[in-house]
Ligand SMILES: NC(=O)c1ccc[n+]([C@@H]2O[C@H](COP(=O)([O-])OP(=O)(O)OC[C@H]3O[C@@H](n4cnc5c(N)ncnc54)[C@H](OP(=O)(O)O)[C@@H]3O)[C@@H](O)[C@H]2O)c1
């Protein structure tokens, strides 16, 4: 994909990976708008020259209202990135985890579906465009302290696959970005060995720039997660990752 002439909306672009990709798409020459809930982050990004939109992906009305505003301002929108996500640790032996489970599914899975539904008619009408969905290495190799997170990302992977097939022939493509652990605010407490954001984003832009763009954007650091089952390393890696259960309060790991 040519990264220099696109009109991109990054939902969940107010921090972390989304904000970094917003800056990089803009640096390549694309027109970029970002959306999220944080008024302060939106104001800062507006100061950098981005179009900004308030959106809460757990609220269908808010998603539709934001969609209308975005398309009024950017009628040539051709790329929608569904970056919004939350990562919660959950101790499944404590039933109060359910609140986190529900919030995770509502944001990561149903939020993704809400945003895709909102923009699908526009992209089909254009006859050209791209959805970039965002999953995780954890979709393919579970990380036991974040069970619903893993489930939500595995679900977005499956959804992306079906969406790609359903949109075949419309001109609208579906690309799945599969990050490994990347050093953003969401990861600081979880993984001190996360990939530096700059290195990750540079590799992602290189992979996106390929023609044709691959269905899955897999940086080198995520290959071992993505292909663990195929490579026969799955059981050992899951066992290793079980040690991370020690990060749950009151859990010996
Ligand atoms: N960092 C990693 O290690 C890693 C690894 C694999 C996958 N990922 C995925 O990559 C994506 C970005 O993660 P990140 O590390 O950059 O995290 P982050 O810095 O916490 O960013 C999360 C983004 O999601 C937005 N968001 C959360 N809830 C939302 C809601 N209800 N409505 C609208 N926007 C919402 C946040 O914006 P507001 O707070 O402004 O709403 C923010 O822009 C997530 O989908 C995450 O699961 C991250």
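Every number here is computed from the coordinates shown, using simple stated rules; none is lab data. Everything numeric in this text was worked out from a predicted model, so none of it was measured. Backbone-built Cβ (ideal geometry, glycine too); neighbour counts: all protein chains shown.
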Kindly state, to the nearest 0.05, the FRET efficiency for residue 117 paired with residue 41, given R0 = 25 Å and r defined as their beta-carbon distance. 0.50
Under the 7 Å Cα-to-Cβ spin-label approximation, residue 185 and residue 65 lie apart by a distance in nanometres of 2.3 nm
Mind listing the Cα extents of region 77-132 along all three principal axes, in Å, largest one first? 49, 14, 11
So, by mean Cβ neighbours within 10 angstrom, what's the order for 4-16, 71-83 with the highest one leading? 4-16, 71-83
Return the distance in nm (one decimal) between the two label points of a simple spin-label model at residue 247 and residue 211, each offset 7 Å from Cα along Cα→Cβ. 4.1 nm
How much FRET efficiency would the formula 1/(1 + (r/R0)^6) give for residue 5 and residue 198, where r is the Cβ-Cβ distance and R0 is 30 Å, rounded to 0.05? 0.80
Kirkwood Rh and Cα-based Rg: tell me the resulting Rg over Rh for region 8-143, rounded to two decimals. 1.00
Averaged across orientations, what area in nm² does the convex hull of the alpha carbons in the chain project? 13.4 nm²
At a Förster distance of 35 Å, what's the computed FRET efficiency of residue 237 paired with residue 166, Cβ-Cβ distance as r, to 0.05? 0.60
Would you mind calculating the gained length between residue 229 and residue 94 on full extension (0.36 nm times residue separation, minus the Cα-Cα distance), in nm to one decimal? 45.6 nm
Compute the separation of the alpha-carbon centres of region 93-111 and region 143-220 and state it in Å as a whole number. 20 Å
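Counting only C-alpha contacts under 8 Å and six or more residues apart, can you give the relative contact order of region 7-247 as a whole percent?
Dividing the mean separation by the residue count of region 7-247 yields 17 percent.
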Two-decimal Rg to Rh for region 21-91 - Kirkwood Rh, Cα set: 1.00
